[in-house]
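Below: the structure, in structure tokens.
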Amino acid sequence: MFNRAKKEEKVFKEVSGLVVCADGVATSTIVRVALKEGLEDMDIEADLEQGRVLDAGRTTKGGNFDFVISTAGTDLEDVDIPIISGVPLLTGIGKDKVFEQIKDVVDKKYAGR
Amino acid sequence: MISEIMKTFGAAVMLPVIILLLELVIGVKPSKAIRSAIYIGVGLNGLVTILNPFFTGLIGNAVSDMVTTSGINLPYVDTGWSLLAAIGYSTTIGALVIPIGIIINIIMLLLHWTDTLNLDIWNFWHWAFIGSMVYYATGSLLYGVLITIAVEMFLLIIGDMTAPTMQKFFNLPGIAFPHASAQSLAIIAVPLRWIFEKIGLMRIKVDSKTIRKKFGILGDSVVVGFIIAVVIGIIAWKDKLGLMSTWSGILSLGIGTGAFIYLYPKATAALLEGFAALSDRVRDILSKKAVKRKISFGMDGALTIGNPDVLTTGLLTMITTVPLIFFLPGNKFILLADLGVTPFFLASAAVAIMGGNIICSYITDVIGVALTLYGGSYFAPLFSHTVKTIGVALPNTGSATVGADMRPIHSIFTFLGQSPIGIAVAFACIFIMLYSFKKHPKTWYKAFGYIDNDSQTKHIKEDAV
């Protein structure tokens, strides 16, 4: 009982990200699954949504997201939050760097609190 | 035997079981494997028994009325690529494609016939789909398997040939694209590029960002799908336009079409979520054992679609597709659910080969969509036969039937696979290509648009003069 309560006290930092790929279906799903698992291990609770790269500007406009992760290029128009390349999560090479970049976003978000 | 079991249980049960077994064999954690199998079932079920029958019934009735009342002969409707993927993985060939695909790739790597290790397991569905179409057309499992292998070999070689160009253009070092849709226009783009250079079209530069700003809401495939459906409804029920109920029907048709275009990727995403566990594990095993020499990793062509030039080319072509459907002579196929997919994927290798030139890429892409419309028209009867034989139940919609979005590579290989001569021709072409490529790699790289830095600076100097 006591243990459990203690576990719940452990603070999960929250972050929300938009995962985009060409059609909002294929590679973005693979990236979303990999991110979710990886971030949980870092005690970060990620709220991830999927979308099309074409809509990235429109979707992020409302300010609901902390970062965009894209498998379809990082030169996105009208996006003013950090854009991270998701390709390493597909190839398996350089995965750690992706998680570091997200950690930076999270740290910045929680820096003022 | 296998096809009997497949038919009795249906794809939504059998594919998860096959994937589950495969995952357990290669050492995915059982809990993860079970979860992934259930997601595959959920995704397939969402597509094949909920969304596709809904959309086929809705649009099918309108299209059927259009054919009878107006004589516009467009009976075949595209309901999206996920049905093709579902069909591909729901057959005997689908059950075999992952192990066979991996083995062929490894053999080709060892023989130095390719420098690409394809980690894009999900997109093996393209090969399985082509193989399955051949299998159901001829009844020969052997033909089906052979053409599946031929497609894979062709794509690995063409992926190698275009790799330097695409890596440089998209800034994705170490990655190749043995992807059936992304490469569909690569071969066609080579002679076109030569012509465009001769007539000076390659020199005309248009800024892709300024074009894209002008699209407004027409840049959205849901909106364009709505418009096409409304046009079909107006033509179909043109004698009853005075009635309020007709307009209710027309607008519901438009909204229903938009809903399908919006929702079917979500169901497909569930299917892919299930696939992620398998592809992750395969990737870990393969890339750890990766060959000592320098190789590229094969990836989904989707990685290239975010490029501004690809997006602009895709959007321009998507809009052009609407008149093309109605006015292309001999076309019987309505490209609808994949409006926001096909023009973009076809643009992938083509744009890189054209060096980002929008006008040249656009012309190439429009030709690609026209070929897709003809392929869809030609193969629709075979496709709907295949869908029925596998046991996917779709509503009866009279003269309208479901059609497949047959991109050029899909059409060519489905056609070749149906006779021994065709299969022999396919392999002969593949080996001639391979032999010539290994002998003169630089010539092939150049043909596919690769410019090494030395000649590029020379080029710029010439321009300056």
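A few notes on this one:
- Out of B:185, B:271, sole residue that is over 23 Å from residue A:28 (Cβ atoms) and hydrophobic (A, V, I, L, M, F, W, C): B:185
- Residues that are surrounded by 21 or more Cβ atoms within 10 Å (Cβ to Cβ) and modelled with pLDDT of 85 or more, drawn from the stretch B:1-18: B:16
- Filter result (over 21 Å from the mean Cα position of the chain (by Cα) and on the phi < 0 side of the Ramachandran plot) within the stretch B:329-360: B:329, B:357, B:358, B:359, B:360
- In chain A, counting only helices (runs of 4 or more DSSP H) that sit wholly within it, the ones holding 1 or more residues that are without any contact (Cβ under 8 Å) to a residue 60 or more places away in the chain, buried (at least 22 other Cβ atoms within 10 Å of the Cβ) and within 11 Å of chain B (Cβ to nearest Cβ) span A:26-41, A:56-60, A:87-91.
- Matching residues in the stretch B:181-207 - criterion: being loosely packed, with under 11 Cβ neighbours inside 10 Å and of a type in the set (Val, Ile, Thr): B:199
- Residue check for residue B:325: part of a helix (DSSP H, G or I), over 30 Å from residue B:106 (Cα atoms), of a type in the set (A, V, I, L, M) and away from chain A (no Cβ under 14 Å): yes
- Considering the conditions (1) more than 14 Å from chain A (Cβ to nearest Cβ); (2) charged (D, E, K, R); (3) within 19 Å of the chain's Cα centre (by Cα), residue B:388 is excluded by exactly one of them, (3).
- Selection from the stretch B:242-287 of residues that are modelled with pLDDT of 85 or more, surrounded by fewer than 17 Cβ atoms within 10 Å (Cβ to Cβ), more than 21 Å from the chain's Cα centre (by Cα) and in a helix (DSSP H, G or I): B:244, B:245, B:247, B:248, B:251, B:252, B:255
- Selection count where residues are within 8 Å of chain A (Cβ to nearest Cβ) and out of contact with any strand residue (DSSP E or B) (no Cβ under 6 Å at 6 or more places or on another chain), scope the stretch B:278-300: 6
- Across the stretch B:347-355, a minimum of one residue is classified as surrounded by fewer than 24 Cβ atoms within 10 Å (Cβ to Cβ), touching a Ser or Thr at 6+ places or on another chain (Cβ under 9 Å) and either not aromatic (Phe, Trp, Tyr) or not in a loop (DSSP other than H, G, I, E, B) (or both).
- For the stretch B:208-241, a residue qualifies if it is touching a residue at least 60 places away in the same chain (Cβ under 8 Å), more than 12 Å from chain A (Cβ to nearest Cβ), over 15 Å from residue B:320 (Cα atoms) and surrounded by fewer than 16 Cβ atoms within 10 Å (Cβ to Cβ), and the qualifying residues are B:238, B:239.
- Taking the numbered list (1) touching a residue at least 60 places away in the same chain (Cβ under 8 Å); (2) in a loop (DSSP other than H, G, I, E, B); (3) surrounded by fewer than 21 Cβ atoms within 10 Å (Cβ to Cβ) in turn, residue B:173 passes all entries but (1).
The values are calculated or read from the model by the stated rules, or taken from the named source; none is laboratory data. None of these values were measured; they are calculated from a predicted model. Neighbour counts run over all protein chains shown; Cβ positions are idealised from the backbone, glycine included.
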